[in-house]
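The values are calculated or read from the model by the stated rules, or taken from the named source; none is laboratory data. Since the model is a prediction, treat every value here as computed from it, not as a measurement. Cβ sites come from the backbone with ideal geometry, for glycine too, and all protein chains shown count toward neighbours. Keep in mind that these areas ignore ligands, DNA and RNA; they rest on the heavy atoms of the full protein, side chains included. Shrake-Rupley method; radii C 1.70, N 1.55, O 1.52, S 1.80 Å.
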Amino acid sequence: MSVIVLLGDINVDLALEISTYPPEGGEAIATAQRMFLGGSATNTAVALSRSGHRCRLIGRVGDDGWGKQALRDLRGEGIDTTWIGRDSAEPTQINVVTVGSTGERTMFAYRGANAQLSPAAIDAAAFDAAELFHLSGYAFLQSPQSEAADHAIGLAVARNIPITLDIPGGIVSRLASRVRTILPRLDTIVLGMRT
């Protein structure tokens, strides 16, 4: 199958099911709790790896227990973690996801180590023999990760590797002007919409 390079966030998600959302300062008791690996690029890498593709994930986790768990889980899914850096100053991103009675989710996140991925941390060898480069739109939210995303796009373009960009619905408006500047370099955009 294909070799696919992905760049984006690596999270640990804590999902709490709640019957009603409390007012600020209030309290809600969850009816269920789950923890799992998350992040849009991570989720895409897992799906592609399960489909038989060889995935190389570029990202950053904290030098903490959550980061170690995320790396174990990624390797367990058959994803190459060679290009995932460890950050001693920032923690692995944790998302707290509340899920209401209608199934709607509300997310709270501190981007932590993800946002600290720099262009210098990207090894061009990650793109050797790759047939696709998939980029998560979250990578454009903060510097230096946004510069790392630009650098990775340049590496893919120089090798004639097709590029896909996934823009989650919650950040579409924040990325519109940025995406316009890179449109000529993209092959496919996947746009998540909120209803």
Assuming Ala156 fulfils every condition listed in (1) crowded, with 19+ Cβ neighbours inside 10 Å; (2) closer than 15 Å to Gly59 by Cβ apart from one, which condition is it?
-> (2)
Residue by residue through segment 137-153, note down the ones that are outside any helix (DSSP H, G or I) and open to solvent by less than 20 Å² (accessible area, probe 1.4 Å).
-> none
Can Ala115 be described as under 13 Å from the mean Cα position of the chain (by Cα) and closer than 21 Å to Ala89 by Cβ?
-> yes
Being touching a helix residue (DSSP H, G or I) at 6+ places or on another chain (Cβ under 9 Å), closer than 20 Å to Gln142 by Cβ and open to solvent by 40 Å² or more (accessible area, probe 1.4 Å), is that true of even one residue in segment 32-43?
-> no
Can we say Arg75 is assigned to a helix (DSSP H, G or I), surrounded by fewer than 19 Cβ atoms within 10 Å (Cβ to Cβ) and of a type outside the set (A, V, I, L, M, F, W, C)?
-> yes
Residue, most open to solvent (accessible area, probe 1.4 Å), within segment 46-67, restricted to residues that are touching a Ser or Thr at 6+ places or on another chain (Cβ under 7 Å) and assigned to a loop (DSSP other than H, G, I, E, B) | Asp63
Kindly indicate whether any position in segment 156-164 is free of Cβ contacts under 8 Å to residues at least 12 places away in the same chain and over 19 Å from the mean Cα position of the chain (by Cα).
-> yes
Of everything in segment 87-122 that's surrounded by 14 or more Cβ atoms within 10 Å (Cβ to Cβ) and in a loop (DSSP other than H, G, I, E, B), which residue is modelled with the lowest pLDDT?
-> Gly100
Restricting segment 159-187 to residues that are under 17 Å from Asn43 (Cβ atoms) and among the β-branched types (Val, Ile, Thr), which is surrounded by the fewest Cβ atoms within 10 Å (Cβ to Cβ)?
-> Ile171
Subset of segment 163-185 (residues that are over 22 Å from Thr106 (Cα atoms), touching a helix residue (DSSP H, G or I) at 6+ places or on another chain (Cβ under 8 Å) and outside any helix (DSSP H, G or I)) = Ile163, Leu165
